[in-house]
Amino acid sequence: MLRMGRCERLSIAAILLTVIFSAVSGCSAGSTPADTPSPTDEQPVSGPPGFPEYAYRSAQALSGYRIATARKALLIRLPCYCGCGRDAEQFKNLADCFFEQNGGYKEHASSCQVCLEEAESADRLWNDGASVRQVRELIDEEYRGRGKGTETPAVTESDEEAVRLETR
Amino acid sequence: VLQRAESLALGLLAALLLVDAVRMTPLFPLLMSRLVPVMSGDYGRALGLAMAATVLLAILAHAGTALGTSRNSFWAAFSQISAAILPIAFAAQLALSAQHMMATPEALRNLLAELTLLDPGHMPPPTAYSSLWALKLFQIALLLAGAIIGARIARNTTHRWRSTAYAVGTTVLFVALFLQPMSVTC
């Protein structure tokens, strides 16, 4: 049996606490629901089942892609202010930061703080009961100025109904 | 050479530096893409488990090498191994700091954009990972310098090939990681 003084016991305790803290902090921070996409989900899912590797770059990235998959209809009606608006061909709305034209996932949002934050804000506002128009107004208010926004058409009544139906 | 508490702390530091180095490489999302589904989609739990496992394994390797090189006292051998690891850990810390500093222009640009003082165009860089050869050369040179000093300390204190091999092996591990493209967005 190794004989240890108080110093060694404290050091071992510190190591064990670090290990436990790593495990616990990993559990408490960045936890995301286990709703990996599936074609059988009620919400329509574009893109192949499962997320690409780059979506796992951070907890926020994974959460962003999950939100984008579940709320694609809403994100299509929102502009992105990360600056991608400079490339009007590729980026017409926030959903274009997460999805390619063919419906597959796009890497752009995985390392873009603005895209991920906008998606989280939109999801939070939608879950709080805001309409599509209200979400659009609040997103515009909070993120305008960060970069050149995409040229996303204004929200209409038909958009409200379409999003409500697609995200029910 | 070192007090016991310092030795343990060094082992922990080396383990945490290893975790940070892995986090900066494309290996990290690859690893997480395998772990997260196993953890029922919980990213936090998967990350915590990976960090805890890495730290434990590193400490065990450290202790195992000490056991393999100890003549009389485990703690004396542990202390000598830690002293050999110290320059390598210092070199790894400097190399990681250099990598983080490369992200500084991006971080500053993002901050100015959030304060609407700057219209930055595309917010993220075209690629999240890069291999700037000048930076890589600098990082590898740092690690090799650390390895040389660490190997000399191991040879002079323990006179056992295992401790020298451990110091060199640790450096090889860090060099392998730093040869990967590394993130410039964090």
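Just so it is clear, none of the values below were taken in a lab; they were calculated from the coordinates. As the structure is a prediction and not an experimental result, all values here were calculated from the model. Cβ coordinates were reconstructed from backbone atoms using ideal geometry, including for glycine residues, and neighbour counts include every protein chain displayed.
Using θ = phi - 60° and the Karplus form 6.51 cos²θ - 1.76 cosθ + 1.60, what ³J(HN,Hα) does each residue of the stretch B:157-173 get, whole Hz, x for Gly and Pro?
Coupling constants for the stretch B:157-173: 9, 9, 6, 10, 5, 5, 6, 5, 5, 5, 4, 5, x, 4, 5, 4, 4 Hz.
What is the distance in Å between the Cα centres of the stretch B:142-165 and the stretch A:118-158?
First find each Cα centre; the distance between them is then 58 Å.
Considering every residue in B:47-56, what mean count of other chain Cβ atoms within 10 Å of its Cβ is obtained?
That works out to 6 on average.
Quick check on chain B: helices-only [θ] at 222 nm, where DSSP H runs of length 4 and up contribute -39,500 (n - 2.57) each and the sum goes over total residues. Nearest 500, please.
Computed mean residue ellipticity for chain B: -26500 deg cm²/dmol.
Suppose R0 equals 51 Å. What FRET efficiency, 1/(1 + (r/R0)^6) with r the Cβ-Cβ distance, do B:LEU94 and B:SER40 give to the nearest 0.05?
Working from the Cβ atoms, E equals 0.85.
When Cβ neighbours within 10 Å are restricted to other protein chains, what is their mean count per residue of peptide B:23-34?
4
Points 7 angstrom from Cα along the Cβ direction at A:GLN101 and A:ALA13: gap in nanometres?
Distance between label points: 6.4 nm.
To the nearest 0.05, what FRET efficiency results for B:SER73 and B:HIS159 with a Förster distance of 25 Å applied to their C-beta separation?
Calculated transfer efficiency: 0.95.
Order the peptides B:76-89, A:58-71, B:43-56, B:19-32 from the highest to the lowest mean number of other Cβ atoms within 10 Å of their residues.
So the peptides B:76-89, A:58-71, B:43-56, B:19-32, ranked by packing, come out B:76-89, A:58-71, B:43-56, B:19-32.
Per the Cauchy relation, a quarter of the hull surface: what is the mean projected area of the convex hull of the alpha carbons in the stretch A:104-151, in nm²?
Mean shadow area of the hull around the Cα atoms is 4.0 nm².
Shielding by partners for B:85-95, please: the mean number of other protein chain Cβ atoms within 10 Å of each residue's Cβ.
Mean number of neighbouring Cβ atoms from other chains: 0.
State, to one decimal in nm, how far the label point of B:LEU179 lies from the label point of A:ALA130, with both points 7 Å from Cα in the Cβ direction.
4.9
Under 21 Å between alpha carbons, and skipping anything fewer than 8 positions from A:LYS92 in its own chain: which lysines qualify?
Partners found: A:LYS72, A:LYS106, A:LYS148.
Within 10 Å of each residue's Cβ, count the other Cβ atoms and sort A:ARG144, B:ARG109, A:ARG77 from fewest upward.
Least crowded to most crowded, the residues run A:ARG144, B:ARG109, A:ARG77.
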